[in-house]
Structure formats: structure tokens, C-alpha cells
Amino acid sequence: MRTHPSLHPQDFTPIWTRRGNVRLQPLWNPEDAQALRSALRTTPHTLQAGLPEDPLRYQYWTATWNRDDAPLPALAELHRWIEQELRVLAEQISGMRLLSPPDGLVMSVLYGRGCYLDAHNDADGQRAVAYVLGLTDDRWPAEEGGHLEFFRQDRVVERRPPGWNSLDLFHVEHHRSFVHQVPMVTTHRERRVIAGWFHRA
């Protein structure tokens with residue numbers, strides 16, 4: 001996989017410094033994004049749903065893998081790209097030294113009709129920067145759900161549509177963490193992302 005040559009991390013550092021979150025697009029060369037989405041469409045995903053007693057309510061489909069058990073070569077290459085190039089890119093934009101989580105997992109998430117992720121905070125004392133790699137080429141209005149929403153003081157302050165060949169980075173340390181959610185998808189849509197975190201070194 002190759003990061004798009006037009007992407008210059010220093011262009012996004014002022015936005016990160018001011019807002020604590022940023023979207024970059026295009027992220028990869030177009031043929032790499034298409035190949036990755038094709039690989040994910042042939043990879044089995046399992047439905048995940050929170051239990052009634054869980055504090056966080058959610059429902060979506062996932063597939064996970066690490067460097068040793070990626071089901072397809074394109075997904076093994078994605079794992080390498082995240083641990084190396086994406087981590088460095090996030091460091092350059094955020095100004096932090098970052099590490100990949102020790103479990104080494106990459107997670108593909110598919111939101112279809114009825115899928116959602118309730119408002120929550122990713123801060124856990126270790127996570128510093130969250131990333132969402134967008135692989136959704138469809139577009140639909142926010143009223144149909146599936147958009148990434150950021151909160152401040154219980155109010156939605158930003159709403160991002162699903163991205164194609166895009167990267168969303170946002171701060172998730174306790175003192176600057178964003179509460180965020182993905183409202184329920186109410187129509188037959190497909191929001192496909194790769195989601196994860198980096199820890200502060």
C-alpha cells in the first residue's frame with residue numbers, strides 16, 4: 001500500500017493543534033483503496049452487539065486479524081501499513097510519540113441497516129489517538145444515520161459523513177478526549193471502516 005503522494009502531514013498539524021481532530025483525504029493511491037475494499041468484502045464479518053447490562057450499547061459487524069493470521073495478502077499489507085506508515089503519520093500530525101496496542105489487532109467494522117454505536121469516550125489511560133480509515137464510497141444524508149458525530153458538553157459539534165479513501169484522527173486521552181457516536185443506520189447502506197488506536201509511547 002502507498003500513502004497518497006499529495007498528503008503532507010505538516011499541513012494538518014495546525015488543524016490538530018487547534019481542534020484535536022482532523023480528516024485527511026485522499027489517503028492512499030486509488031488502486032490501493034479499491035483493492036483493500038475488495039478484500040474486505042470477501043472477508044467474513046461477525047455480528048457484535050452489546051448486552052443490555054453493558055454501559056455501552058452497539059451493534060455492528062467486525063473482522064479482526066493480526067500480522068500472523070491476516071486472511072488475505074491485502075489485509076496483511078494493511079496491518080504493516082498501520083503499524084508503520086500510519087503510526088508515523090499520526091506522530092507527525094499530533095506531535096506525540098506513539099505505539100501500536102500490544103494485542104497487534106486490526107479491526108474492520110461494517111455498519112449496515114440497524115447498526116449503531118452509542119455515544120462514548122475512548123479514553124482508558126493508554127489510548128492517545130484514535131483512527132478511522134474510511135472505505136465507504138456511498139453517500140447519504142445524516143438523517144439516515146451512519147455518520148461520525150463528535151460531542152462537546154452533550155451537544156453535537158461536528159458530524160462527518162462516511163469517507164472514501166479517508167483518515168479521521170482524533171484525540172482520546174482523558175483531558176482532551178472526544179465523546180463520539182455513530183447513530184443507527186436506518187436504510188440499506190454500507191458504512192465500512194478500519195478503526196483502532198495508538199498509545200502514547
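Could you grab me the full set of residues in segment 31-46 that are outside any loop (DSSP other than H, G, I, E, B), in contact with a strand residue (DSSP E or B) (Cβ under 7 Å, 6 or more places away or on another chain) and surrounded by fewer than 12 Cβ atoms within 10 Å (Cβ to Cβ)?
Thr46
So which of Gly125, Gly134, Gly104, Gly112 ends up being closer than 26 Å to Ile15 by Cα and either of a type in the set (Ser, Thr, Tyr) or open to solvent by less than 60 Å² (accessible area, probe 1.4 Å) (or both)?
Criteria check complete, one pass: Gly134.
If a residue has to be at pLDDT 95 or above and either assigned to a loop (DSSP other than H, G, I, E, B) or open to solvent by less than 70 Å² (accessible area, probe 1.4 Å) (or both) to count, how many in segment 10-20 make the cut?
4
Let's see how each residue does on (1) within 15 Å of Trp81 (Cα to Cα); (2) without any contact (Cβ under 8 Å) to a residue 60 or more places away in the chain:
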{"residue": "Thr3", "(1), (2)": "yes, no"}
{"residue": "Pro9", "(1), (2)": "no, no"}
{"residue": "Thr13", "(1), (2)": "no, no"}
{"residue": "Trp16", "(1), (2)": "no, no"}
{"residue": "Gly20", "(1), (2)": "no, no"}
{"residue": "Gln25", "(1), (2)": "no, no"}
{"residue": "Ala35", "(1), (2)": "yes, yes"}
{"residue": "Ser38", "(1), (2)": "no, yes"}
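Every residue, every condition in (1) of a type outside the set (Gly, Ala, Ser); (2) open to solvent by 40 Å² or more (accessible area, probe 1.4 Å); (3) modelled with pLDDT under 95; (4) out of contact with any Asp or Glu (no Cβ under 9 Å at 6 or more places or on another chain), yes or no:
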position: Ala130; (1), (2), (3), (4): no, no, no, no
position: Phe170; (1), (2), (3), (4): yes, no, no, no
position: Glu190; (1), (2), (3), (4): yes, yes, no, no
position: Val193; (1), (2), (3), (4): yes, no, no, no
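The values are calculated or read from the model by the stated rules, or taken from the named source; none is laboratory data. Quantities reported herein were computed from a predicted structural model and do not represent experimental measurements. Methodologically, a virtual Cβ is constructed for each residue, glycine included, from the backbone with ideal geometry; neighbour enumeration extends over all protein chains shown. Note: accessible area is taken over every heavy atom of the protein model, side chains too, but ligands, DNA and RNA are not part of it. Shrake-Rupley method; radii C 1.70, N 1.55, O 1.52, S 1.80 Å.
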